[in-house]
Amino acid sequence: MTLKNSSGEALQKRANDAIMPLYPHKKVALEKADGCHIYDTDGNKYLDCAAGIAVSALGHNHPSFNKGVQEQLDKGFTMCVGSFATSPKINAAELLIENCCSEQVFFCNSGAEAVEGAFKLSRAYAHYNKSEDCKEIIVFRNSFHGRTYGAVSATEKSLHQPQFGPYMSGFHFADFNDLDSVKALMSDKVCAVMVEPVQGEGGLTAGTKEFLQGLQKLCNDNEVALISDEIQTGMGRMGKLFAHAHFDYEPDIITLAKGIGGGFPVGAFMAKKKYSSVFKAGDHGTTYGGNPLATNVVYHVVSEISKPEFLERVREASTYFYAELEKLQSETGDAITALKGQGLMIGIDTKFQIKDLLGELLENGLMATQAGANTLRLTPPLTISNDDIDEAITKIKTVITSGNVPCQA
């Protein structure tokens with residue numbers, strides 16, 4: 001595939017001048033999308049196996065997402081959202097509650113905000129029910145929880161960015177899938193443990209059921225809140241609406257974003273009333289969170305994802321994708337060194353330099369992302385078909401057998 005990129009290059013130059021240099025701009029500029037494909041300004045077509053890092057759960061231009069936006073636009077969506085009830089907010093909250101162990105919801109704008117809210121809630125609960133000194137939180141190495149100060153303080157790689165310090169105190173790092181390392185950090189000053197069921201930025205490492213269930217028991221025994229960070233893993237990504245259901249454990253607090261809005265910026269954290277009831281008026285808030293437009297989208301997106309036949313199809317797609325990748329791994333010798341992840345959150349370790357591999361895949365019409373130091377991450381829309389999967393496999397095979405991608409040193 002040879003990309004046409006004249007207008008993309010022009011927009012890239014403008015972007016480099018006008019936008020802060022936090023993301024290196026690709027030489028293509030995107031224009032529109034439909035289903036599992038995206039088109040750039042030069043008419044090139046790409047198979048989307050990134051989905052905005054697990055954001056576009058229903059793919060692009062899906063009728064359920066579009067309905068959620070369109071039916072609310074004419075009704076208004078900039079009302080004072082915190083103090084007044086609206087049907088979209090209540091409908092979305094009730095739908096989420098009906099499908100999991102949580103009993104109350106707070107809507108916000110992003111995953112990082114959901115994480116911040118979960119931290120505040122767990123510390124507030126401990127303050128009123130344990131002691132004023134119970135403020136510490138156990139998190140995990142190779143985790144990722146967001147970009148705000150509380151979230152980066154809980155993210156190990158932030159320690160390698162001292163230019164942003166000092167970070168928040170009170171966070172302790174355990175080893176993922178190692179319950180003993182958590183037990184070693186447990187004390188009467190710990191108010192919460194936060195875990196990703198599958199570590200996204202940590203290279204798509206999946207938690208074991210034994211570990212996650214053991215974590216729940218440990219937290220219950222010590223009256224410590226278990227926070228399940230399902231911002232990337234939740235909303236059908238594992239083949240169950242909530243990721244904790246896939247791994248058979250029950251958290252006290254859940255953080256959500258990405259797929260919950262199917263592409264619309266919205267997040268939420270949920271909790272059992274035992275925890276959420278400690279919040280008092282004014283303890284937390286948001287200007288835009290829970291607005292009728294965002295929550296109407298949540299209601300329609302989650303209504304679609306939660307259908308049994310939809311989730312069954314996600315599980316079928318995952319089984320098929322992994323089976324085809326295993327065949328490719330066998331056919332290509334040592335090119336693929338490991339397959340990781342769960343559901344439609346797929347990690348591929350290869351012998352190639354990851355940034356060069358991603359660039360070559362883009363040149364061949366496949367969008368993917370990096371996870372960890374050198375893992376190719378595939379988080380396609382949950383609506384991906386077997387034909388789309390076949391297309392992805394063909395493109396990956398073309399690239400890793402082309403000889404155009406340098407190997408790791």
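No value in this document is a laboratory result; all are computed from the given coordinates. Computed from a prediction, not measured in an experiment: that's the story for all the values here. Virtual Cβ from ideal backbone geometry, glycine too; neighbours counted across all protein chains shown.
As a check on your grasp of the helix formula, calculate [θ] at 222 nm for the chain: sum -39500 (n - 2.57) over DSSP H runs of n ≥ 4, divide by the residue count, round to the nearest 500.
Mean residue ellipticity at 222 nm (helix-derived): -11500 deg cm²/dmol.
Rg over Rh of segment 79-305, using C-alpha atoms and the Kirkwood radius, what does it come to?
Rg/Rh: 0.94.
Quick one: of LYS130/LYS209; LYS351/LYS397; LYS209/LYS272; LYS130/LYS280, which pairs are farther than 25 Å apart, Cα to Cα?
With Cα atoms farther than 25 Å apart: LYS130/LYS209.
Enter the per residue convex hull volume of segment 305-376, computed from alpha-carbon coordinates, in Å³ rounded to the nearest integer.
99
If all Cα-Cα distances of segment 70-157 are sorted into 5 Å bins from 0 onward, what percent lands in each bin, rounded to whole numbers?
The percentages, shortest bin first, are 2, 11, 15, 16, 18, 17, 10, 6, 3, 1.
Return the subset of LYS26/LYS340; LYS27/LYS355; LYS240/LYS307; LYS27/LYS340; LYS13/LYS258 for which the Cα-Cα distance in this structure is over 20 Å, preserving the input order.
LYS26/LYS340; LYS27/LYS340; LYS13/LYS258
Above 17 Å lies some portion of the pair distances; for segment 154-212, what is it as a whole percent of all C-alpha pairs?
48
Against the 2.2 N^0.38 Å scaling, with N counting residues, where does segment 163-266 land? I'd like the Cα-based Rg ratio to two decimal places.
Here the answer is 1.11, to two decimals.
Relative to the compact globular guide of 2.2 N^0.38 Å, what is the alpha carbon radius of gyration of segment 258-307, as a ratio?
Here the answer is 1.32, to two decimals.
With every atom except the alpha carbons ignored, what do you get for Rg and Dmax of segment 1-117, in angstroms?
For segment 1-117, the Cα-based Rg and Dmax read 19.0, 54 Å.
Quickly work out the GLU9-to-TYR128 label distance, labels modelled 7 Å from Cα along the C-beta direction, and quote it in nm with one decimal.
Distance between the two pseudo-spin positions: 6.2 nm.
What ³J(HN,Hα) values, in whole Hz, does the Karplus curve 6.51 cos²θ - 1.76 cosθ + 1.60 give for segment 226-240 when θ = phi - 60°, with x put for Gly and Pro?
Each residue of segment 226-240 in turn: 9, 9, 9, 7, 10, 4, 9, 8, x, 6, x, 4, 9, x, 10 Hz.
In straight Cα distance, which lysines are under 16 Å from LYS67, not counting same-chain residues fewer than 8 positions off?
LYS75, LYS89
Which percent of the Cα-Cα distances in segment 267-409 go past 28 Å?
Roughly 39 percent, rounded to a whole number.
For the pair GLU71 and ALA323, how long in nm is the line joining their label points, each one 7 Å along Cα→Cβ?
3.7
Tell me, Kirkwood radius of segment 117-225 from alpha-carbon pair distances, in Å?
Taking the inverse mean of 1/r over all distinct Cα pairs, segment 117-225 comes out at 14.2 Å.
What whole-number value in cubic angstrom gives the convex hull volume per residue for the C-alpha atoms of the chain?
In the chain, the Cα convex hull volume per residue is 154 Å³.
Provide the packing ranking of 347-357, 134-144, i.e. peptides ordered by the mean count of other C-beta atoms within 10 Å per residue, highest first.
Top to bottom by mean Cβ count within 10 Å: 134-144, 347-357.
If amide H atoms are built 1.01 Å from N in the plane of the peptide, which residues on other chains or at least 5 residues away come under 5 Å of the amide H of THR205?
Under 5 Å from the amide H of THR205 lie the amide H atoms of GLN199, each far enough along the sequence or on another chain.
Quick one: 3J(HN,Hα) in Hz for segment 56-66, Karplus 6.51/-1.76/1.60 with θ = phi - 60°, rounded, Gly and Pro as x.
Using θ = phi - 60°, the values come out as 7, 4, 9, x, 9, 6, 6, x, 5, 5, 4 Hz.
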